[in-house]
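Participant: This is the structure I have questions about; it appears just below.
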Amino acid sequence: FTALSYVWGPPGPSHVFLLGIPFPVTSNCYSALWHLRKKLGAFCIWVDALCIEQANIKEKEQQIPLMGQIYSSAENVYIWLGEGNAATERAM
């Protein structure tokens, strides 16, 4: 499987649709998914904000300790630090 690691950032009004159902995500998560979709087309990916029920504290307590194992078991992990700017372009 493929996973996404990203900087959460501040909450935003962004959302993605899974099976036609809208799910709220941070602006940074939305940006990462948007750029990946633009580059890859349709794809399947593990995203913590979507695969772990964020309103369920008990589930989060069980799932968050497994994240290291999830990322190390993934065949591919995309890392998203945020939108670039002139300074980050020079660094790259």
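The values are calculated or read from the model by the stated rules, or taken from the named source; none is laboratory data. Please read these numbers as outputs of a predicted model, since none were measured by experiment. Here the Cβ positions follow ideal geometry from the backbone for every residue, glycine too, while neighbour counts run over all protein chains shown. Protein only, heavy atoms only, side chains kept; ligands, DNA and RNA dropped before computing areas. Shrake-Rupley method; radii C 1.70, N 1.55, O 1.52, S 1.80 Å.
Participant: On full extension of the chain, what length is gained from residue 71 through residue 7, given 0.36 nm per residue of separation minus the C-alpha to C-alpha distance?
Facilitator: Gain on stretching residue 71 to residue 7: 21.6 nm.
Participant: Moving to a separate point now. Whenever you get a sec, compute what percent of the accessible area on the chain sits on carbon and sulfur atoms (1.4 Å probe).
Facilitator: 61 percent
Participant: Something else about it: Under a 1.4 Å probe, what is the accessible area of the range 1-75 per residue, stated in Å²?
Facilitator: Per-residue accessible area for the range 1-75 comes out at 67 Å².
Participant: For a Förster distance of 25 Å, can you work out the FRET efficiency between the beta-carbons of residue 79 and residue 55, rounded to the nearest 0.05?
Facilitator: That gives a FRET efficiency of 0.45.
Participant: I would also like to ask the following. Let me check I've understood the local charge: for residue 25, count other residues with C-beta under 14 angstrom from its C-beta, Lys and Arg +1, Asp and Glu -1. What total comes out?
Facilitator: Surrounding charge for residue 25 is -1.
Participant: Could you list log10 I(q)/I(0) for the chain at q = 0.20 Å⁻¹, which the Debye formula gives when each Cα is one point scatterer?
Facilitator: For the requested q values the scattering log ratios are -1.11.
Participant: Can you give me the long-range amide H partners of residue 16? Hydrogens built in the peptide plane at 1.01 Å from N, cutoff under 5 Å, separation of 5 or more residues or another chain.
Facilitator: Hits under the 5 Å cutoff: 23, 25.
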